[in-house]
1. Which residues, taken from segment C:54-104, are over 24 Å from C:Phe31 (Cβ atoms), in contact with a Gly (Cβ under 7 Å, 6 or more places away or on another chain) and of a type outside the set (Ser, Thr, Tyr)?
2. Scan (1) more than 7 Å from every other protein chain (Cβ to nearest Cβ); (2) open to solvent by 10 Å² or more (accessible area, probe 1.4 Å); (3) farther than 30 Å from D:Ile105 by Cβ for the single condition E:Thr215 breaks and write down its number.
3. Can you tell me which of (1) open to solvent by 10 Å² or more (accessible area, probe 1.4 Å); (2) more than 22 Å from the chain's Cα centre (by Cα) is the one A:Gly123 doesn't meet?
4. Could we say that D:Lys208 is at the interface with chain E (Cβ under 10 Å from one of its Cβ atoms) and among the charged types (D, E, K, R) here?
5. Answer yes or no: is there a residue in segment E:60-71 that is open to solvent by 10 Å² or more (accessible area, probe 1.4 Å), in contact (Cβ under 8 Å) with a residue 24 or more places away in the chain and hydroxyl-bearing (Ser, Thr, Tyr).
6. Just the residues that are within 8 Å of another protein chain (Cβ to nearest Cβ) and of a type in the set (A, V, I, L, M), please, taken from segment D:90-105.
7. Among the listed residues E:Phe203, E:Phe188, which satisfies the condition of being modelled with pLDDT under 95, open to solvent by less than 10 Å² (accessible area, probe 1.4 Å), of a type outside the set (S, T, N, Q) and under 23 Å from the mean Cα position of the chain (by Cα)?
8. Out of (1) modelled with pLDDT under 85; (2) within 13 Å of chain A (Cβ to nearest Cβ), what's the single condition that is false for B:Gly37?
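The values are calculated or read from the model by the stated rules, or taken from the named source; none is laboratory data. Here the structure is a predicted model, which means the values were calculated and not measured. Glycine gets a Cβ as well: all are built from the backbone with ideal geometry, and neighbour counts include every protein chain shown. The area values use the complete protein model at the heavy-atom level, side chains included, leaving out ligands, DNA and RNA. Shrake-Rupley method; radii C 1.70, N 1.55, O 1.52, S 1.80 Å.
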There are 6 protein chains.
Amino acid sequence: MASSACILAISFLALVFFLAFASDQSPIQDFCVANNGSTVLLNGLTCKDPKEVVADDFSFSGLHLAANTSNALGCHVTPVTPSEMPGLNTLGLSIVRIDYAPQGINPLHTHPRASEILIVLEGSLEVGFITSFPENRHIGKVLQKGDAFVFPVGLVHYQRNPGPTNAVAIAALSSQNPGVIIVANAVFGSIPNISSNIIEKSFQINKKAIGYLQTKF
Amino acid sequence: MASSACILAISFLALVFFLAFASDQSPIQDFCVANNGSTVLLNGLTCKDPKEVVADDFSFSGLHLAANTSNALGCHVTPVTPSEMPGLNTLGLSIVRIDYAPQGINPLHTHPRASEILIVLEGSLEVGFITSFPENRHIGKVLQKGDAFVFPVGLVHYQRNPGPTNAVAIAALSSQNPGVIIVANAVFGSIPNISSNIIEKSFQINKKAIGYLQTKF
Amino acid sequence: MASSACILAISFLALVFFLAFASDQSPIQDFCVANNGSTVLLNGLTCKDPKEVVADDFSFSGLHLAANTSNALGCHVTPVTPSEMPGLNTLGLSIVRIDYAPQGINPLHTHPRASEILIVLEGSLEVGFITSFPENRHIGKVLQKGDAFVFPVGLVHYQRNPGPTNAVAIAALSSQNPGVIIVANAVFGSIPNISSNIIEKSFQINKKAIGYLQTKF
Amino acid sequence: MASSACILAISFLALVFFLAFASDQSPIQDFCVANNGSTVLLNGLTCKDPKEVVADDFSFSGLHLAANTSNALGCHVTPVTPSEMPGLNTLGLSIVRIDYAPQGINPLHTHPRASEILIVLEGSLEVGFITSFPENRHIGKVLQKGDAFVFPVGLVHYQRNPGPTNAVAIAALSSQNPGVIIVANAVFGSIPNISSNIIEKSFQINKKAIGYLQTKF
Amino acid sequence: MASSACILAISFLALVFFLAFASDQSPIQDFCVANNGSTVLLNGLTCKDPKEVVADDFSFSGLHLAANTSNALGCHVTPVTPSEMPGLNTLGLSIVRIDYAPQGINPLHTHPRASEILIVLEGSLEVGFITSFPENRHIGKVLQKGDAFVFPVGLVHYQRNPGPTNAVAIAALSSQNPGVIIVANAVFGSIPNISSNIIEKSFQINKKAIGYLQTKF
Amino acid sequence: MASSACILAISFLALVFFLAFASDQSPIQDFCVANNGSTVLLNGLTCKDPKEVVADDFSFSGLHLAANTSNALGCHVTPVTPSEMPGLNTLGLSIVRIDYAPQGINPLHTHPRASEILIVLEGSLEVGFITSFPENRHIGKVLQKGDAFVFPVGLVHYQRNPGPTNAVAIAALSSQNPGVIIVANAVFGSIPNISSNIIEKSFQINKKAIGYLQTKF
């Protein structure tokens, strides 16, 4: 796997998601603050005793801090999910801060369980998504500071900082556990590897190229 | 009604919501860009012909701009909903920017159809929500720049800028049409007025006090 | 807090709700009778072993009995939720009986998680709800015996017995745990109190009036 | 078809449902009052212009009136759905009043799209439901005035007035369009008839008995 | 109860459903493989530790094998639900294989929690469903090999093999736990029996006929 | 774009989806048969007048017929959606038949709005899916005739016929409009092309390789 703070940061997010099963059905009580240590796993996290809930369960700090983007992608994702903010459990929302070095990218990926609104706080971003087959229509735009853009659920999308300075964005997602599928990592970095027969025909590339790419993810 | 940019701005949002019926069920196509001029009203907006959809349908500009908060509440809300960003239709998300003058408040209110995550971009904010009856537990905190806080769906909540400088926040809501019920306006500013018999017993105040308050909203 | 059977009765309901987390997603089995003593808390109640389920789990008695309305509001609410009728769990419904003394009111409140249909069994009731900001439209009517009225989810509403005799209503709600937010109690009776700075600006009233009101709820 | 006020009354309800397609997804605006005359048919009714909405759209009268139960079943159902109360549209609830003559029954039926809570206002009722195959467990009880009982969605159930006097019930259903499948009418009264080959094996009865029963429904 | 492989096979399915409470809300993680031995019962199955999940959790074998249809109905159902394929948990789908002897039937039944698409793999099938009251419209057709047909959720439906050879179908259902209510078994085979008073009026048949039928189911 | 019957067939499916906006919320009437020619576009198809509905609206023929797989991928998909079977509208299900030549593949793709169960009718298939980031766990298996496998919603998956003979599968999907994103086509075949800057970093390949691949999709 490429050594990448962007990937590593998302990685942490995804790992947490995997262990901390979340729930996007409607809430049935004022709140159900995640009991992150529970051994009962279900489609959604179990709740803490409401009497033990405190204000800090509903808050998170540090989203104003620049992250280290010194990695291959020039990108870093800071997630805020029920792992970081337990009060989010059952409320159907999460957020992330994304830092981009100049020329940094958040590579082609999908969120299988959420739509996303992204807001540019600093710098500019080239963004886009691709509609489903067979149109494969590429809908994209260059965003400036103060611009927002929406990526519909499940579609492949990306962001890239075209500028000479750092860029910063906040994104809101319509699930407490949106999940992230990074296309290159899913295709070339799966464990174990996908058979080269599949990739060869899917991408019309030869075994040697596949072997080369599999060393990268 | 008090002359207030905060209220007026939200007002526009709410007006738009009322006319532009929205839909928070799951999307059943890549996107359903709002056809804001349609005469067919339903639980959700009808869609534009997909062939006429353009990138600008998914974007919005100007969230970096300070709004005018010279009003009684010292607060201004700039909404981003399907009226401003038609591509949001059916995706279950919306956002707002909120500006607060020093001592400005976003008064006690509820969103009947959404939970909300708020992120402080500038300044500090005193925030809180109250749980449902009979606990009426007040869960609150002072947030600094970079802090986030979540308000569960339907609960009464508020923000106040305690500081000497302006404050700015971005908030994400889990509905394209969250709605807003400002408690004071609903109680004292409804058209026509609620009978003083109701308010008297609900608030344990006398008719004279009610009459006074009804002139304010 | 005002000594009120209406409030106390709802209070019990709400307390139960808080402890007995409920679930309004669709049922996935014939029934999931609430296991009210479970220590596993989730977005919905866990179920009893189906082999231990009995007919009484699906029933409740006493809705024909007049309740004591000798309290400040002249109102009493008798709830039927999964605490009282465990078979309701996962079915998305609950009911209440409401008794009103002459001039009694069910004060201004919202249900954050349910719409409500009310049916007048005895006497007459003045009822109404207020739409969201900025319309704050007040839609109300005087109901006679045999009349029904619907209050949409999350909106502020009330009932008042204008008549010289007792009134009785049955109401059905579209959640097993609708929740209730009594406006005055949330604003003036929260624990701890909301800062007077917030209330002052929200309601345009001075600190002295706030202090007076906070002694009442 | 048997000449039955109970069946005829439900019949009206069902007919209305069929023409007036309803929507039980969550509401996305304060209300979406049914535009009952619309030619646009969808999964849910289209809405009236909110400016034309009046208080009567949210109300219905006459539920205190005894209905005529002089029919073969000794039963009459008075429905309150978006056809009778347009404001119910999108709110996920409906109600009915049911009158039973002595020995009258609401015959074996299911609601394909709703759970039901029934409250006995007058007299007594023998009620029950049958769980799904293979248990086919019959869970039933005799209810007295003031008793409530819940029937889970989709299960076969019935009510019968065992007493010497009339009985009256109010029932709330968790859909604006619950639908009703009367078992005997579906099996023996369908148009066109179900082939006797199917019924013969399904019910282990012979063609002559089937022919006889088909004349009854 | 009639000795029937069709009924017995479905019976197993239903039994499993009853014990293995399932969940059709949207998944909130990549998967939540059913922990079939869990003692925590809820509206949906709890999950295995994701680290213990294996490929076999997502697969099932044997759907190409003809089942024994030597029973009164000439029908056999082979279910694939989370009990047989634990990976189905939370995904909102299940399938069955149905074998029909010549003249075999899958008797009149409903699925309270799923719509169904049936595909004929071998032979031909006479199929149909009946709409709800009061239309009771019978919509049916004879299907040949390669034909598909859809039965809407909750409606009474059937299949019958009219041909001289065996028939085979695969059906997909829109719930992991659709449930099955076999009309004759619910009416005449419930435990304990439904009072003959109810059946007599519901079906307009006399006590003797009822007694006879109750011996059959 | 590669000339491929597999892609072309799916293409037709997808095109249809795009024009025929579908609805996966719960049905609110017995059926809502798609009015495929309607000019009102919404999140779900509008319905035909129920009086004009016929049995053929619920059926589809030809799933037993082998399709032509003489194309680059050796694969052909035959869809059954509301376009082909209008009665599917609002029921949350669709199916496809997939034909595979020896060594044929259904290339790496996701369904943004559905989980899928696949059943092997003839031959054998090597299948698998990849979990989300950062695990990127590849869960796969070789299926024989009569085996079934489930692919969770939104995850990248594939099928490949490893055998010397044709293979045939039926798959059921949990949406009437699952959508399909073919990874290679989204990445290298979008219109207009994704900037090579994005692909270069996402896949760690150079501009020349990208240019080469873009000629293939």
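1. Listed by number, the residues that qualify are C:His64, C:Leu65, C:Leu73, C:Gly74, C:Cys75, C:Ala101, C:Pro102, C:Gln103, C:Gly104.
2. Every listed condition holds for E:Thr215 apart from (3).
3. Here A:Gly123 meets the rest and fails (2).
4. no
5. Scanning segment E:60-71 turns up at least one residue that is open to solvent by 10 Å² or more (accessible area, probe 1.4 Å), in contact (Cβ under 8 Å) with a residue 24 or more places away in the chain and hydroxyl-bearing (Ser, Thr, Tyr).
6. The answer is D:Leu91, D:Leu93, D:Ile95, D:Ile105.
7. After ruling out the rest, the residue left standing is E:Phe188.
8. (2)
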